[in-house]
Amino acid sequence: MSATRVTDRASFVLADNPGIMTLDGTNTWILREPGATRAVVVDPGPADDEHLNAVIDAAGEVALVLFTHHHADHTEAMTRIVELTGAPTRALDEAFCTGAQPLRDSELIEVDGLELEVIATPGHTRDSLCLRLTGEDSLLTGDTVLGRGTTVVAHPDGALGPYLDSLAHLRELATEGLVGRILPGHGPVVDDPEAVLDFYIAHREDRLDQVRAAVEAGATTPREVVERVYADVDPVLWDAAELSVRAQLDYLA
């Protein structure tokens, strides 16, 4: 288990927690300005000492630990990485990540020349955020945008209206040339963010049309909508799909 370098400032260690929702596993990102000794760790992942030791070996001195959102596959190791490094932790909403100091939307974080801009991107969860490396065109997206497939907007924590707004904001950043690469929480690096964000937005619009059609055809419960709209999807994913359908019905209402 070793770190994979992606840019001069960003590398990641892949956690050994693959699954239906985590794809190949959680990407724990290590960010460091070239020539600096201290690093920022983003999403330390599961409480797995082998994974954390690999992260710390790659990071060296950890100055700060950040979280893109509160889901356990990103935050379970919070207590342990603090024990191992003594580094402070920060998240958008400390109510979700107990002990983490709060971040603010548009806040600039600086560590030994490395600068990160906090971008609140609610939708996947209420506390989801992205981090833009201002020294390059990379954007860490957590689960807001994945490296493969699409993410779940799970009602009631997830909400479709805010998620669509978040996608539109990220699309604007890509159009402005501020984002040319996505470093996701799961899956491979995305080198064509405009195309992927266009796909994400179109996919949500298509699903909304399908949900409307299912309701008009007589579906009266979220499960009935799932059985119509997600008929071609492996039933093992239907429970997650039902949470997304609930978010879509709430949005349509």
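Looking at this structure, is M21 part of a loop (DSSP other than H, G, I, E, B), open to solvent by 60 Å² or more (accessible area, probe 1.4 Å), aliphatic (A, V, I, L, M) and out of contact with any helix residue (DSSP H, G or I) (no Cβ under 6 Å at 6 or more places or on another chain)?
Yes: the conditions hold for M21.
Based on this model, can you work out whether V226 counts as farther than 21 Å from D127 by Cβ, hydrophobic (A, V, I, L, M, F, W, C) and touching a residue at least 24 places away in the same chain (Cβ under 8 Å)?
no
Here is a check on your reading of the model: is L146 buried (at least 21 other Cβ atoms within 10 Å of the Cβ), modelled with pLDDT of 95 or more and closer than 30 Å to A247 by Cβ?
In short, yes.
Pull up the range 71-107, narrow it to residues that are surrounded by fewer than 17 Cβ atoms within 10 Å (Cβ to Cβ) and of a type in the set (D, E), then point me to the one that is nearest to T28 (Cα to Cα).
Out of the qualifying residues, it is E83.
Looking at (1) in contact with a strand residue (DSSP E or B) (Cβ under 6 Å, 6 or more places away or on another chain); (2) open to solvent by 60 Å² or more (accessible area, probe 1.4 Å), which one does E172 not meet, given that it meets all the others?
(1)
Of all the residues that make up the range 1-18, how many are in contact with a helix residue (DSSP H, G or I) (Cβ under 7 Å, 6 or more places away or on another chain) and among the hydroxyl-bearing types (S, T, Y)?
Selection size over the range 1-18: 2.
Give the residue that is nearest to T22 (Cα to Cα), with candidates limited to residues of the range 155-185 that are out of contact with any Asp or Glu (no Cβ under 9 Å at 6 or more places or on another chain) and part of a loop (DSSP other than H, G, I, E, B).
The selected residue is G158.
For the range 38-70, what are the residues that are in a strand (DSSP E or B), under 19 Å from the mean Cα position of the chain (by Cα) and buried (at least 22 other Cβ atoms within 10 Å of the Cβ)?
V40, V41, V42, V65, L66
Of all residues in the range 186-201 being assigned to a helix (DSSP H, G or I) and either open to solvent by 50 Å² or more (accessible area, probe 1.4 Å) or among the aliphatic types (A, V, I, L, M) (or both), which is nearest to L249 (Cα to Cα)?
Once the filter is applied, the top-ranked residue is I201.
The values are calculated or read from the model by the stated rules, or taken from the named source; none is laboratory data. Because the structure is predicted, anything quoted here is derived from the model rather than measured. Cβ coordinates were reconstructed from backbone atoms using ideal geometry, including for glycine residues, and neighbour counts include every protein chain displayed. These accessible areas exclude ligands, DNA and RNA; they are computed on the full protein's heavy atoms, side chains included. Shrake-Rupley method; radii C 1.70, N 1.55, O 1.52, S 1.80 Å.
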